[in-house]
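Asks: Structure below; questions to follow.
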Amino acid sequence: MNLWSRLMCSCRRRSPWIFHMNSGSCNGCDIELVASLTPRYDAEQLGVRLEGSPRHADILCITGPVTRNSVHAIETVYGQVCSPKAVVAIGSCPATTNVFIDSRVLDGPLNRHIPVDVFVPGCPPRPDAILQGIAKAAEILAERGSRPLVNEENQQ
Ligand code: SF4
């Protein structure tokens, strides 16, 4: 691994940018994720930053039990996050579809559609558990190396 790659891996481990997607959540997990960004838990102080576009993010955080209508959007957004990337499933819903398991409007769990790196259990999980999950995903991301420079991509 060259110096640039080592630097990028270090930056991404220390300051992962996340994109949040709701795949049919009751909003319980979303509220806890937002709480983790507020001054009480202060994710930004730890370098975690919520991004408005998946193209700018390193980690995709998904809440909710995966409705049939959200599957295409999940796959599209997953494709828009540049590689290497990591996925965090927040709450019991994306992991197991939770109490909605028999619902005919669902097509979960999440790892049926995209690879999931970290599951954060709970209904909903506490903000500190969510931050631990994001930190674990950042470690996984750093092990996967850096993405190529734009110029390198253009030369290929
Ligand atoms: S895990 Fe619980 S809080 Fe989170 S979306 Fe599912 S039902 Fe709501």
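The values are calculated or read from the model by the stated rules, or taken from the named source; none is laboratory data. What you see is a predicted model; the values in this text were computed from it and never measured. Here the Cβ is made from the backbone with ideal geometry for all residues, glycine too, and neighbour counts use every protein chain on show.
Asks: Identify, from the list V87, V77, V71, the residue that is touching a residue at least 40 places away in the same chain (Cβ under 8 Å) and assigned to a strand (DSSP E or B).
Replies: V87
Asks: What's the total number of residues in segment 1-47 that are polar (S, T, N, Q) and either in contact with a His (Cβ under 6 Å, 6 or more places away or on another chain) or away from the ligand (no atom under 16 Å from the Cβ) (or both)?
Replies: 6
Asks: Filter segment 54-68 for residues that are touching a Phe, Trp or Tyr at 6+ places or on another chain (Cβ under 6 Å) and not in a helix (DSSP H, G or I) and give the result.
Replies: A57, D58, L60, P65
Asks: Here is a further query. Could you say whether any residue in segment 48-63 is β-branched (V, I, T), at pLDDT 95 or above, surrounded by fewer than 17 Cβ atoms within 10 Å (Cβ to Cβ) and within 16 Å of the ligand (Cβ to nearest atom)?
Replies: Taking every residue of segment 48-63 in turn, none turns out to be β-branched (V, I, T), at pLDDT 95 or above, surrounded by fewer than 17 Cβ atoms within 10 Å (Cβ to Cβ) and within 16 Å of the ligand (Cβ to nearest atom).
Every residue, every condition in (1) of a type in the set (A, V, I, L, M, F, W, C); (2) within 22 Å of R40 (Cβ to Cβ); (3) more than 11 Å from the chain's Cα centre (by Cα); (4) modelled with pLDDT of 95 or more, yes or no:
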residue	(1), (2), (3), (4)
I101	yes, no, yes, no
G108	no, no, yes, no
V118	yes, no, no, yes
P127	no, yes, yes, yes
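Asks: Would you mind stating whether E152 is closer than 18 Å to P16 by Cα and either modelled with pLDDT under 95 or within 12 Å of the ligand (Cβ to nearest atom) (or both)? Before you say what the answer is, go through the steps one by one.
Replies: Values: closer than 18 Å to P16 by Cα: no; either modelled with pLDDT under 95 or within 12 Å of the ligand (Cβ to nearest atom) (or both): yes.
The answer is no for E152.
Asks: I've got another one for you. Which one is farthest from the ligand (Cβ to nearest atom), of the residues in segment 90-147 that are among the basic types (K, R) and in a loop (DSSP other than H, G, I, E, B)?
Replies: So the residue we want is R147.
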